1. Grab the other residues whose beta carbon is less than 15 angstrom from that of Ile375, score K and R as +1, D and E as -1, and report the net.
2. Could you state the accessible area per residue of the chain in Å², with a 1.4 Å probe and every protein chain left in place?
3. Lys and Arg at +1, Asp and Glu at -1: add these up for the other residues within a Cβ distance under 11 Å of Gly323 and post the number.
4. From the square roots a ≥ b ≥ c of the eigenvalues of the alpha-carbon gyration tensor of the stretch 111-154, which class results: rounded (a/c under 1.5), prolate (a/b over b/c), or oblate?
5. Too long at a 22 Å Cα-Cα cut-off: which of Lys254/Lys289; Lys346/Lys393; Lys54/Lys104; Lys52/Lys177?
6. Work out, step by step, the length gained on full extension between Tyr163 and Val244: first 0.36 nm times the residue separation, then minus their alpha carbon distance; give nm to one decimal.
7. Could you pull out the chymotrypsin sites (Phe, Trp or Tyr not before Pro) across the stretch 208-259 that fall in loop regions by DSSP (anything but H, G, I, E, B) with no more than 16 other Cβ atoms inside 10 Å?
8. I need the GluC sites (Glu not before Pro) found in the stretch 69-176, filtered to DSSP loop residues with at most 10 other beta carbons within 10 Å of theirs.
Amino acid sequence: MTRRLGVTLIGALFTAACVAAAGAPVYGQTTQTPPAEPKPAEAKPEEKKDEKPKTLWEENTLFAYIENSAVWNTGRASRGNHNELRFYDFEGGYTFNMAEFSIKKDPSENYPFGYGLVLTAGIPGTSNDSQKNHALGIFRGDNDQFPFRNTPNFDLQEAYGSYMFPLGSGLTLKAGKFVTLLGYEVIESPNNLNFSRSFLFSFAIPLTHVGALLSYSPLPWLSLTAGPVVGWDVARDNNSRMSVMGQVGVSAVKDLVLSLNWITGPEQAHQNSNPRTVLDFVATYTGIKNLTLGANVDYGWEEDEATLAASGTRGNPDASWWGWAGYVAYDWTEALRTALRVEYFKDAESVRTGLSPLGTKLDLYEVTATVQYKIWKGLVARVEYRHDSANQKVFAIRAPGYVPTGKSQDTISFDLYYLFF
């Protein structure tokens, strides 16, 4: 996530040394026939040196980057300079997207505690990605709506602590503010195959949560995670009931990672019933050299959805949405990568996107092609072409009346980021 984003540094370092010596006979000595070399079956096993345990600092993972981009709408952009149904690339033209610093440590056998701190920031007075990530109650008020221009240009994206209890393979408790388990794409742009985010990232799932999660691996290839969270992108709940989020991760087949993620609970203000539920499936396969394959499927629904109920025009005010996205990336060289994303998203009652008449079906399609080139060390450039289309007019919104006039949208984006760690 997506709203798809983490790295362990714990590994094993093995060193083997084999010493062979041969020298010319000393003057006066009798020359001896050298011993026959041992057969492969008789070869002595290599001696393994003791592994040096990691220090506390070595168990930390640092991640930091800055990103700039320029987006050009090849048609007539909406409301002067907007790319409709986009998230971070909503604004046309140049954007200083974000600067991020992250330090994380997973619990280990030597140090059973862990933590995570992720700070992001943009340039004051400009629209940037940090403003769109705020949780309700942390730098965002009840009345502020997307694209959140009135919010601060910095964000506390994650701040949590964790501890591994010595039960079985290790039971880990994590509590605080953290990113969601759902989604293939993640907030951090360098960790995604494409520059722009999918419709699934933007409309199907949350970004962050405040709460607690318990994680356990009963088998080496199976991990289970679940726990209560305040809700979707909120630090201060708008009702008195929490939601529940979980994940089942499977890696039984080499190079194939599968996860089934879910979240359910009431998200409507001052309403403890009418739960919103999302089932999220993610698959990644890297078994073919230089090739990455990914897939993401989401299905969500909400009982007695607030805007549909308030309209009074539908006998059944329940809402639903679902979609899928497929990813293919190939590394032609160490520096050059190409990536392709194909996606479909269905907003059955138009409550998630909000640009077509309420209660009508909106079908969205998009194809995104990205070329990425590593210029120097952590400096990476990307060029992206994206085509969006819909079954209704939701693009190219025009005044007066802010009326959508187009069923398609095409953009070309230029992205430049630098990784410090």
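The values are calculated or read from the model by the stated rules, or taken from the named source; none is laboratory data. In this text the structure is predicted, and so the values were computed from the model without any measurement. When we count neighbours, we look across all protein chains shown, and the Cβ atoms used for this are built from the backbone with ideal geometry, even at glycine. When the accessible area is computed, the model is the full protein with side chains, heavy atoms only, and any ligands, DNA or RNA have been set aside. Shrake-Rupley method; radii C 1.70, N 1.55, O 1.52, S 1.80 Å.
1. Details: positive: Arg337, Lys374, Lys377, Arg382; negative: Glu67, Glu334, Asp415.
Local charge sum for Ile375: +1.
2. Result: 51 Å² per residue.
3. Result for the local shell: -4.
4. The shape class here is oblate.
5. Lys52/Lys177
6. Numbers: separation 81, 0.36 × 81 = 29.16 nm, distance 2.01 nm.
Here the segment from Tyr163 to Val244 would lengthen by 27.1 nm.
7. Numbers: sites: Tyr216, Trp221, Trp232; in loops: Trp221, Trp232.
When the chymotrypsin sites (Phe, Trp or Tyr not before Pro) of the stretch 208-259 are filtered for loop state and at most 16 Cβ neighbours within 10 Å, Trp221 remain.
8. Working: sites: Glu84, Glu91, Glu100, Glu109, Glu158; in loops: Glu84, Glu109.
Loop-located and lightly packed - Glu109.
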